[in-house]
1. Going through 203, 214 one at a time, which residue ends up being of a type in the set (A, V, I, L, M, F, W, C) and either without any contact (Cβ under 8 Å) to a residue 40 or more places away in the chain or surrounded by fewer than 20 Cβ atoms within 10 Å (Cβ to Cβ) (or both)?
2. Can you pull out every residue in the stretch 95-116 that is surrounded by fewer than 16 Cβ atoms within 10 Å (Cβ to Cβ) and either farther than 15 Å from residue 45 by Cα or of a type in the set (Lys, Arg) (or both)?
3. What single numbered condition from (1) closer than 20 Å to residue 30 by Cα; (2) assigned to a helix (DSSP H, G or I); (3) touching a residue at least 60 places away in the same chain (Cβ under 8 Å) fails to hold for residue 268?
4. Looking at (1) touching a residue at least 24 places away in the same chain (Cβ under 8 Å); (2) buried (at least 17 other Cβ atoms within 10 Å of the Cβ); (3) of a type in the set (A, V, I, L, M), which one does residue 192 not meet, given that it meets all the others?
5. Looking only at the stretch 92-101, decide whether some residue is assigned to a helix (DSSP H, G or I) and at pLDDT below 90.
6. All but one of (1) among the hydrophobic types (A, V, I, L, M, F, W, C); (2) surrounded by 18 or more Cβ atoms within 10 Å (Cβ to Cβ); (3) without any contact (Cβ under 8 Å) to a residue 24 or more places away in the chain hold for residue 90, so report the exception by its number.
7. Quick check on residue 180: is it of a type in the set (Gly, Ala, Ser), free of Cβ contacts under 8 Å to residues at least 40 places away in the same chain and out of contact with any Pro (no Cβ under 9 Å at 6 or more places or on another chain)?
Amino acid sequence: MRIVPTRLYGAVVHSSVFLGASTIAEVFVASALAGITPNAALVVGFLITIGIYNFDKLADLDADAENYAERTAFVASHPRLYAAFSVVVVAVALWLAVRHGGVYGLGLTLFPGVIAVFYTVPLVPLPSVDRLKDVFIVNTATVSLAWAVPVAFIPLAVAATAPDYAAGAAVAAGWFFLRSAISVEVHNVRDVTGDARNGVETLPTVVGVRRTQLSLYGLELVSLGLVSGAAWLGVVPAWAPVALLPAVAYSTWITAALTESNRSVERLCTLRDGEGVLMAVGVAVAAAAVGTGGALA
């Protein structure tokens with residue numbers, strides 16, 4: 001029996017609202033790492049995530065029919081409403097970005113959209129491929145960069161341009177680049193059969209699922225090492241590694257569970273998308289403990 005009704009699950013997940021909520025949590029974490037008070041960047045991140053992911057789903061309806069049958073059916077049943085909803089949320093996101101972050105906020109908010117165009121649309125002038133989505137490793141790096149930059153730097157654009165915040169924001173960008181790369185490859189494990197049939201080169205189709213898992217374990221260690229080193233240098237709060245450790249453990253469990261026959265890879269991917277919420281909870285608890293004289297100071 002489903003805990004969440006099927007229609008509600010489809011509406012929240014397939015409309016990208018769930019991803020948007022996770023982005024709110026990630027922007028909150030990025031702000032905390034940089035020492036910035038939460039601001040309008042939370043709402044901008046939520047809205048732009050919904051809009052861009054929805055447009056990507058609309059653009060790839062035919063190509064995604066095999067890998068994402070349930071999602072494709074949901075989107076295809078309401079294409080005009082889906083597109084109109086996406087246009088509205090993107091417009092509001094851009095308006096908020098300009099109002100609170102000026103030209104820098106606008107540029108950072110547009111950044112993932114511009115990247116998404118080259119990722120999805122055949123505009124790359126190469127003889128063998130015409131989309132970044134079809135270039136091995138570059139596809140993962142492109143998606144990771146597209147989200148790490150705005151998540152880390154929109155709070156900075158809204159709050160201030162003081163150099164005191166910039167170093168922490170750069171660490172946050174590195175952290176979320178690595179976390180996004182892990183997430184992309186987890187989703188690629190789910191899509192390995194369809195991608196292999198369509199000739200799409202991803203880490204699982206090229207090196208296999210088991211080696212992909214081992215690679216992701218390595219990225220988990222690198223991401224935690226990045227934050228630990230930054231905390232040791234005083235660039236991010238000293239409690240940051242402890243606060244983010246549960247999210248790393250959670251992500252590692254999901255990666256390990258990908259090859260368990262009794263697990264739904266589709267559900268594991270949805271759980272993986274919610275990692276940001278666990279990060280935010282860890283950060284909030286750690287910061288509160290420090291603020292009240294806790295042991296994490």
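1. Working: 203 fails: either without any contact (Cβ under 8 Å) to a residue 40 or more places away in the chain or surrounded by fewer than 20 Cβ atoms within 10 Å (Cβ to Cβ) (or both).
Result of the check over 203, 214: 214.
2. Across the stretch 95-116, the qualifying residues are 99, 102, 103, 114.
3. So residue 268 meets the others, but not (1).
4. Of the numbered conditions (1) touching a residue at least 24 places away in the same chain (Cβ under 8 Å); (2) buried (at least 17 other Cβ atoms within 10 Å of the Cβ); (3) of a type in the set (A, V, I, L, M), the odd one out for residue 192 is (1).
5. Initial filter on the stretch 92-101 (assigned to a helix (DSSP H, G or I)): 92-101.
Subsequent filtering for residues that are at pLDDT below 90 retains none.
The answer is no, given that none of the residues of the stretch 92-101 is assigned to a helix (DSSP H, G or I) and at pLDDT below 90.
6. Status for residue 90: all satisfied but (3).
7. Values: of a type in the set (Gly, Ala, Ser): yes; free of Cβ contacts under 8 Å to residues at least 40 places away in the same chain: yes; out of contact with any Pro (no Cβ under 9 Å at 6 or more places or on another chain): yes.
Against the criterion (of a type in the set (Gly, Ala, Ser), free of Cβ contacts under 8 Å to residues at least 40 places away in the same chain and out of contact with any Pro (no Cβ under 9 Å at 6 or more places or on another chain)), residue 180 qualifies.
The values are calculated or read from the model by the stated rules, or taken from the named source; none is laboratory data. Every value quoted in this text rests on a predicted model; they were computed, and no experiment measured them. Methodologically, a virtual Cβ is constructed for each residue, glycine included, from the backbone with ideal geometry; neighbour enumeration extends over all protein chains shown.
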